[in-house]
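Encoded as structure tokens, the structure appears first; notes follow it.
The values are calculated or read from the model by the stated rules, or taken from the named source; none is laboratory data. Bear in mind that the values here come from a model prediction, so they are computed numbers and not experimental data. Methodologically, a virtual Cβ is constructed for each residue, glycine included, from the backbone with ideal geometry; neighbour enumeration extends over all protein chains shown.
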Amino acid sequence: MEEDRNRELLLTVKETARLSGVSVRTLHYYDEIGLLRPAEVTQAGYRLYGERELLRLQQILLFRELEFPLKEIMPLLEAAEAGRNSALERQKSLLELKRERLSGLIRL
């Protein structure tokens with residue numbers, strides 16, 4: 001496993017930010033709060049991200065787009081699929097209510 005990790009292409013925090021559309025500061029913050037840890041940190045302190053971290057970031061960004069607060073995202077990422085599905089269903093209901101409210105405002 002470690003050997004596979006050593007052969008994996010790792011991206012710098014700047015490259016990861018550019019690829020994902022989030023800021024370097026956001027990636028640093030996600031690391032600080034334990035939401036998204038880099039695959040490794042070099043001796044010089046550079047954060048490097050691999051495929052596993054990019055997939056996790058993709059999930060984080062999906063939950064952010066669905067308006068989940070950061071404090072709820074980490075438990076969702078660690079939860080079993082049933083727990084994630086339940087949370088997504090609840091969020092879908094909330095978004096549908098928001099859509100109805102916004103549609104009402106637009107009609108006014």
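At least 1 residues being in contact (Cβ under 8 Å) with a residue 12 or more places away in the chain and among the small types (Gly, Ala, Ser) is the threshold, and among the helices (runs of 4 or more DSSP H) wholly inside the stretch 1-70 those reaching it are 13-20. Being of a type in the set (A, V, I, L, M, F, W, C), surrounded by 13 or more Cβ atoms within 10 Å (Cβ to Cβ), in the same structural domain as Val13 (by TED's automatic domain parsing) and touching a strand residue (DSSP E or B) at 6+ places or on another chain (Cβ under 7 Å) is a condition met by no residue of the stretch 53-64.
Just one of the listed residues (Arg37, Arg5, Arg84) is surrounded by 12 or more Cβ atoms within 10 Å (Cβ to Cβ), outside the structural domain of Leu95 (by TED's automatic domain parsing) and at pLDDT below 90, namely Arg5.
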